[in-house]
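Trainee: Pasting in a structure now, in structure tokens, and then I'll have a few things to ask.
Every read-out reported here was derived from the displayed coordinates using simple, explicitly stated rules and does not represent laboratory data. What you are looking at is a predicted structure, and each value in this text was computed from that prediction instead of being measured. Virtual Cβ from ideal backbone geometry, glycine too; neighbours counted across all protein chains shown.
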Amino acid sequence: MQIRQITFLKILLVMPLLSAFLISFKVNAVGAILLLSLKIGGVPYIVFAALIFFGLNRMRSGAQVHKLICLSPILFLPILIIGYYASVLIERAKGVNVQFAAGDMLPLVVFGLLVGYAFVILTEVLFAICKSIGWVAETWSRAEQGL
């Protein structure tokens, strides 16, 4: 039984959250980095993933989807930065003396892009493997599949 490409990619949207959560139990550098990414980008990623989830339904071809996948770390950055601003404001509302510094953005952007593109590569590799062994349909839409 094959699943549609859109379904497979929607399932993979939970991969960053799930892998960060599961690997964070390992006490090593990778676990620490993924736990930090979950703490900093967890809520913004959930918002982003929801937008992508519904945006995938508007895609008309596999090429459009793969372009979206490749651009997704860049598209995620504004949501990540807004999430960072929101967390600073929430901490201030709690009475914690947190200062926002524009210099905080560069490490956040670099980290977001590195982690984001690591997941893009992983997504593309998993997609290619699953497609080559027949778990994922060769075509994008139901019309192309003859359904």
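Trainee: For the stretch 49-58, in order, what is each residue's ³J(HN,Hα) by Karplus, 6.51 cos²θ - 1.76 cosθ + 1.60 with θ = phi - 60°, in whole Hz (x at glycine and Pro)?
Mentor: Per residue, the Karplus-derived 3J(HN,Hα) values read 4, 5, 5, 5, 3, 6, x, 4, 5, 8 Hz.
Trainee: Quick one: if you stick a label point 7 Å off each Cα along the C-beta vector at Asp104 and Tyr85, how many nm between them?
Mentor: 1.3 nm
Trainee: So, one more: State, to one decimal in nm, how far the label point of Ile46 lies from the label point of Met15, with both points 7 Å from Cα in the Cβ direction.
Mentor: Taking the simple label geometry, Ile46 and Met15 are separated by 2.2 nm.
Trainee: Name the long-range amide H neighbours of Val136: under 5 Å, sequence gap of 5 or more, or other chain; modelled H, no Pro or chain starts.
Mentor: Ile3, Lys131
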